[in-house]
Structures are given as structure tokens and as C-alpha cells.
Amino acid sequence: MLFRSFGILLLGMAVWIARPLWQSRIELAGRPFRPVQSVAGLERTLPALRGQPVMLDFSADWCVSCLEFERETLADPAVQAKLRGFALLRADVTDNTPEQRELMQRYQVFGPPTLLFFDREGRLRQRRVTGVAAAEEFLAILDEVRN
């Protein structure tokens, strides 16, 4: 009986630890992120987005901090409202392909979650977010990079 109880406890812990892996990704204000998988893909996409600020989210399915950032910060209604004026791009680096590594190296991204911002002309802003930021902090960052 003791071994059965211990086995059930271990199984429960495994499910609890793995739950972020099967939770679905959010959309911001009903808008999905546009995928970007390479430097060439980003260079093709940015000119089409001129006239609006761009947020590029480096994320991965295995990144627990990425899921926390989505759940706690990006899901915040005030953050979603502020992001309505931004073009939203996502570099999913889950598979760590050569193209994904090149994209991360080009922008000196050491791992997800990292957010880069581009101005209305497609130029990279110096401001970036690495790791999880609280909604209040992220709102201030969005005000800073929006102009």
C-alpha cells in the first residue's frame, strides 16, 4: 500500500510539473503572433510593418518563464490594450534549428523569454526585456518604446 501511494504521489507531481507543456498559447486582443523563424524571414517581414512599432517575442514551448510571462503579463487587459498598436512577431526557438540560432545570435539573444522592439521604421530599439516582467513594469516599457 505504501508503494502504491508513493507511486500515485510521483505520478501526480510529474503531471503538475509537465502541465505548462500542454497549456495553449494566448493571442493578444484576438490577434495571433506572426511567426518569424530566421533572419531572412524577419528581414522580409519588417518592411511590410513600417509605420507601426514591432514587438518580437523569442519564446519556446519548453520555456516555463515564457508561459509565466504570457499568463501573468501578456494576458493582463491593460497590457493587451497597449499592445493593440504594435505588430506582434514571435520567434519560436523551441527546436533550436540553425536558422533559429542565427536569429538569436544576430540580436544577441541568449535565450527565451526575450522581447525586442523595433521602431516605426523597422530599426531595432535599444530597450529589450529579458525574463519575466510584471504587468506594471511592462506597461512602462511599452510606453517607452511606442514612440
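A few points about this structure:
- The alpha carbon convex hull volume per residue for region 41-147 rounds to 88 Å³.
- Note on region 44-88: Rg/Rh from C-alpha atoms, Kirkwood Rh, equals 1.04.
Just so you know, all these numbers are worked out from the coordinates, no wet-lab data involved. Source: prediction; values computed, not measured.
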